[in-house]
1. Looking at the stretch B:347-366, I want the residues that are in the same structural domain as residue B:156 (by TED's automatic domain parsing) and have a partner that is in a helix (DSSP H, G or I) with Cβ atoms under 7 Å, at least 6 apart or on another chain. Which pairs are those?
2. I want to confirm something. Restricting to the stretch B:120-161 and keeping residues that are in contact with a helix residue (DSSP H, G or I) (Cβ under 8 Å, 6 or more places away or on another chain) and of a type in the set (Phe, Trp, Tyr), which single residue is surrounded by the fewest Cβ atoms within 10 Å (Cβ to Cβ)?
3. If residue B:84 satisfies all but one of (1) within 22 Å of residue B:113 (Cβ to Cβ); (2) touching a residue at least 24 places away in the same chain (Cβ under 8 Å); (3) not in a helix (DSSP H, G or I), what's the number of the condition it fails?
4. Just give me the residues in the stretch B:327-352 being outside any helix (DSSP H, G or I) and surrounded by fewer than 14 Cβ atoms within 10 Å (Cβ to Cβ), in sequence order.
5. Answer with yes or no whether residue B:58 is within 14 Å of chain A (Cβ to nearest Cβ), more than 15 Å from the chain's Cα centre (by Cα) and not in a helix (DSSP H, G or I).
6. Which residues, counting only those in the stretch A:177-190, are under 30 Å from residue A:142 (Cα atoms) and either touching a Pro at 6+ places or on another chain (Cβ under 6 Å) or outside any loop (DSSP other than H, G, I, E, B) (or both)?
7. Restricting the search to the stretch A:159-200, which residues are surrounded by 15 or more Cβ atoms within 10 Å (Cβ to Cβ), closer than 22 Å to residue A:133 by Cβ and hydrophobic (A, V, I, L, M, F, W, C)?
8. Taking the conditions exactly as written (within 18 Å of the chain's Cα centre (by Cα), farther than 23 Å from residue B:213 by Cβ and crowded, with 24+ Cβ neighbours inside 10 Å), does residue B:306 satisfy them or not?
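The values are calculated or read from the model by the stated rules, or taken from the named source; none is laboratory data. Keep in mind that this is a model prediction, so the values were computed, not measured. Cβ coordinates were reconstructed from backbone atoms using ideal geometry, including for glycine residues, and neighbour counts include every protein chain displayed.
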Amino acid sequence: MNVVVCVKQIPDPGGAGRLDPTTLALVRDGVEVVLDPGDEVGVEAALQIAEATGGEVTVVSMGPERGIDAIRKALAMGAHRAVLVSDPRLAGSDALATSRVLAAAIGRTGCELVVAGTESTDGYTGTVPSAIAELLDWPALTFATAITVEGPVVRIQRQTEVGHDIVEAPLPVVVTVTGGANEPRYPSLRGIMAARSKPVARPSLEELGIDPATVGGEGAQQRVLAATPAAERAAGEIVADDGGGARRIVDYLATLKVI
Amino acid sequence: MDFELSPEQAAIQKTARAFADEVVAPQAAGSDLRSEFPIEVVRQMGRLGFFGLPFPEAIGGVGAGFLAYLLALEEVSRADAAVGITLEAAVSLGIAPLATFGTPDQQSRLLPDLLAGRALWAFGLTEPEAGSDAGGTRTRAARDGDAWVINGEKSFITNAGTELSRGVTLTARTGEPGAGGPPRISALLVERGTSGYEVGPPYRKLGWHASDTRPLVFHDCRVPASNLLGAEGGGFRQFLSVLEGGRVAIAALSVGVAQACLDAALGHARERRQFGRPIARFQMVQAKLADMATQIELARLMVWRAGALIEAGRPAGRFAAMAKLHASEVATACANQAVQIHGGAGFIEDLPVARLYRDVKINEIGEGTSEVQRLVIASHLLGHGGSVTALLEEGPPAR
């Protein structure tokens, strides 16, 4: 089965992220950028499904042209082709506009299964995969820790507080995978070289049937009004053991309801 | 001039770095302690394509070029020099001569497994009586009908006795010197399991405990005439270009170890407190760190420079010798200072610096001692084109 996986290039989560004081958007220029680690899990899941069912994987991404690096990594891991929607008019797009663009690009691939991370590691809205499903009018299976495809049915496991749910839906379907769903493979060095010659389509907004007025900063329906730094994490409490140390730790854990 | 890596080189460096940190580094101390060849790490490197990096796709390589190989080698060696030398010897000494001089039949028989890291091939040049002076080779191969019969010994051979080892390319006399001329020296392929080919027990070494190093003995060892590699009597000249690549690779390995020394020293200098402040606040420690970083940067640039020449197929002899000489001496100096900055803790095997200190010295010896590198450089300067024998026999030209 042919599978689409959505990916995004983000500032290295290991670095110190910075907000632009005027736009309140994350600074993406002049910082180390990587394929979103959550998307690596998505790529691995897509590759495993394609390998098990004899299909191919198409990477779909929206972003500035230099997002090609993230796409190349996914191609080096083994994906077969990519679609990058890159247009200056898309800068500042909100989650809904992003979803519209991605859904249009996915629609043109003819694939019936879309895999995505649950949320990006920079924006964290967590809404894009579900919005894509809505726009395509497909069901969405979210927070998967395992995926199986049996004929026309996709089945996932979803972790719950007491165990896990098993949820299934008929194709076509959008699936989101959680961070621990698998161990993403290393791109093989041969794969890195092969990625150079894999096809990357760059459809225009017009080709995707997207009205430029509905995307970008102008078309955005949400606006960030203010940003406040998160509170500094308070220093922990050191429990000195005067004979009753264990008791005090147990009592403390009980107040957190973890035991 | 442009010091930027290509997107593919940068991606290979990044992948090698992640692999080195996540897979190679965690096993380094344990494999060293147990003197255990890390076969699973080698297999995994093989599957990812490390062994095929510099070789063209036409013979089954990855086709990433020589510089990409050097970048990957530095990263792996930073995590574990023993894994670094396993990769270096397999690629620069094992595969490179076969890839350069092998017949199509030899290549199709051996290269697929070697390039995929499913098997390792060794290179036997050093002998009890011949090292830097390769002309002193005693091992002989006599022609007998359709075979060569080999007798002799080789010393300090890497990758000959592991579970993955498939055989060795060895150098041997195939003819006696004429009046005053050099002996005829040729290279022969000997596969493991050939009668009369004996792989000795591993040496106990100062460092590189997890790499495989053994003596080899050949006693009436018969190999088919078709196992000749390159021209009969071609001697070492035909391998010089290959060995040049090996020298740059040892330089890259040295840069990796030197970088590991700096990283460890930086970490310790920030954390260790004396006189109420981190020792990184003391200028004497700062000077050590600054000097280490500067020398490492210079060594790395020399590796890249020599590597770029080799990748472009241009003469690299003196630059290869300079890179090997400088990088290996820098690495030893960095290990020395890293231990010094660690103080007593640097003398204890619980931290990696003690291992780095033991592992680093050999870089000034293997694949041409620092003394030989200086002779090679002097030979270039004095108009003898890098030939040490010409330099020694003719002396500097009269001016």
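1. none
2. This residue is B:148.
3. Every condition holds for residue B:84 apart from (3).
4. We begin by selecting, within the stretch B:327-352, every residue outside any helix (DSSP H, G or I); these are B:348-351.
Hits for the stretch B:327-352 are B:348, B:349, B:350.
5. Working: within 14 Å of chain A (Cβ to nearest Cβ): yes; more than 15 Å from the chain's Cα centre (by Cα): yes; not in a helix (DSSP H, G or I): no.
Answer is no for this residue.
6. First, pick out the residues of the stretch A:177-190 that are under 30 Å from residue A:142 (Cα atoms): A:177-188.
Within the stretch A:177-190, just A:177 meets the criteria.
7. A:167, A:169, A:171, A:173, A:174, A:175, A:177, A:181
8. Numbers: within 18 Å of the chain's Cα centre (by Cα): yes; farther than 23 Å from residue B:213 by Cβ: yes; crowded, with 24+ Cβ neighbours inside 10 Å: yes.
Yes.
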